[in-house]
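Notes for the one structure printed next.
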Amino acid sequence: MKFWKGLGKVVLCGFALVGLVFVFVFVAMQFGWLNVRGTIGERNASFYKNVSPSSSSDASTASQATILCEIHALADYAPQTAINIQNVYQAKQDPDLASTMLTAAQERFLGTDLPGKYNQCTTVTVPDTTPLSQTAYAWADSPEWQVMKAVFIRDQATINQAAKDAGISPRLLLGGIIGEQFRFFTNERDSFKEYFEPLKILASLSKFSYGIAGLKPGTVAQIENNLHDPSSVFYLGPEMENIVTYPAGSDHTTLQFDRITDTTNTYYSYLYAGLFMREVIAQWKAGGFDISNRPEVLSTLYNLGFNRSIPKADPSAGGAPITVNGVQYNFGQLGYEFYYSGELSQEFPY
């Protein structure tokens, strides 16, 4: 009898102990005592591969650590853009460029925790979240951009050659053309879905502006005139006077039009876009202002034309409004965001 009473007490004590354990676990969960800080270290380990902090100074190490932390934070919201920025940073080792790219990338997420996470990057670990999209840019998530991206990759050699001949970065050159293509594709949704998206080709404009670059014949004529007029503020120098040539006896006006509307050889469309930007850079430089590294200004002026190019100290992004993927942009914004997005950075490097 004593044995059974003793066994009963042991069993009761065991149940009581188990109960206390459950109560403790419940209370601990309520107060977060058992929480483990989330991490995306494994998922985004590739962002840190082959990038080791410089040991030259504490300042440079801190700067690199902050940039890597911000890339890590951005990966929670736009993993593809984070990869693009990491690739550019690894290749260029330019903290200023990487910082500008990261700043541009956060614009889409100003209503989220991302800006705060950027600010905390020197002291805290960025917690895990679910990515909201593949990139930091609504336009880069759009089907229209996927078509353009495929074409630009396919035309890489032509674009780079035209940019080299015009003497301008291909990333700046493409900023204006991207605006023209987005404007057409978003205004002609049925045509885009039925024709351009399946075939992966750019639109060749045919009303007031022409070809894939949306060039006006009058603008093309003025670009060429500027090449040969040393008195013009748009003049690029004697070395550029013969960048565009014609066969003997040809009709220049007819051949100009044929060149900018040719969809099988788009070299001249890209070349004229680059020359336009070079010429307005020269105009602004003559006026005392350098816009050679201002993609938002160059894309804006590409849309507005020579007549609206007035050098001033405080230019900003502008141009025609374009709604892409539910977000309203203008030409300047698209040019700026593309330039700093890291998209196509391997094909058209910084």
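The values are calculated or read from the model by the stated rules, or taken from the named source; none is laboratory data. The structure presented is a predicted model; accordingly, all values stated were derived computationally and were not measured. All Cβ positions, even for glycine, are placed from backbone atoms using ideal geometry, and neighbour counts span all protein chains on display.
Numbers below:
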| quantity | calculated |
| --- | --- |
| Single residue of VAL147, VAL151 found to be touching a Lys or Arg at 6+ places or on another chain (Cβ under 6 Å) and surrounded by 15 or more Cβ atoms within 10 Å (Cβ to Cβ) | VAL147 |
| Among (1) in contact with a helix residue (DSSP H, G or I) (Cβ under 7 Å, 6 or more places away or on another chain); (2) within 29 Å of ALA203 (Cα to Cα), the one test that PRO115 misses | (2) |
| Filter pass, GLN86 being part of a helix (DSSP H, G or I) and either surrounded by fewer than 18 Cβ atoms within 10 Å (Cβ to Cβ) or among the hydroxyl-bearing types (Ser, Thr, Tyr) (or both) | no |
| Some residue of the stretch 325-348 being over 20 Å from ARG171 (Cα atoms), touching a residue at least 24 places away in the same chain (Cβ under 8 Å) and touching a strand residue (DSSP E or B) at 6+ places or on another chain (Cβ under 9 Å) | no |
| Failed criterion for GLU239 (all others in (1) within 24 Å of SER209 (Cα to Cα); (2) over 32 Å from the mean Cα position of the chain (by Cα); (3) among the charged types (D, E, K, R) hold) | (1) |
| For GLN161: the one exception among (1) within 14 Å of the chain's Cα centre (by Cα); (2) within 16 Å of LEU271 (Cα to Cα); (3) polar (S, T, N, Q) | (1) |
| Residue list for the stretch 305-329, filter: over 22 Å from the mean Cα position of the chain (by Cα) and closer than 20 Å to THR219 by Cβ | GLY305, PHE306, ASN307, ARG308, SER309, ILE310, PRO311 |
| Qualifying residue in the stretch 95-104 (condition: out of contact with any helix residue (DSSP H, G or I) (no Cβ under 7 Å at 6 or more places or on another chain) and surrounded by fewer than 15 Cβ atoms within 10 Å (Cβ to Cβ)) | yes |
| Cβ-Cβ under 8 Å pairs, at least 6 apart or on other chains, the stretch 204-222 side closer than 12 Å to PHE276 by Cα, far side charged (D, E, K, R) and part of a helix (DSSP H, G or I) | ALA213/GLU180 |
| Selected residue (criterion: surrounded by the most Cβ atoms within 10 Å (Cβ to Cβ)) from residues of the stretch 330-350 that are aromatic (Phe, Trp, Tyr) and either within 16 Å of ALA163 (Cα to Cα) or modelled with pLDDT under 95 (or both) | TYR339 |
| Top-ranked residue of the stretch 113-142 - restricted to ones that are modelled with pLDDT of 95 or more and hydroxyl-bearing (Ser, Thr, Tyr), ranked as farthest from GLN333 (Cα to Cα) | SER142 |
| Residue match in the stretch 53-67 (condition: within 28 Å of SER142 (Cα to Cα) and either at pLDDT below 95 or not aliphatic (A, V, I, L, M) (or both)) | yes |
| Filtered residues of the stretch 315-329 (kept if under 23 Å from TYR350 (Cβ atoms) and either of a type outside the set (Gly, Ala, Ser) or part of a strand (DSSP E or B) (or both)) | PRO315, TYR329 |
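Residue-by-condition table, conditions (1) hydrophobic (A, V, I, L, M, F, W, C); (2) surrounded by fewer than 16 Cβ atoms within 10 Å (Cβ to Cβ); (3) in the same structural domain as TYR329 (by TED's automatic domain parsing):
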| site | (1), (2), (3) |
| --- | --- |
| THR254 | no, yes, yes |
| PHE257 | yes, no, yes |
| THR264 | no, yes, yes |
| TYR268 | no, no, yes |
| TYR272 | no, no, yes |
| GLU279 | no, no, yes |
| LEU301 | yes, no, yes |
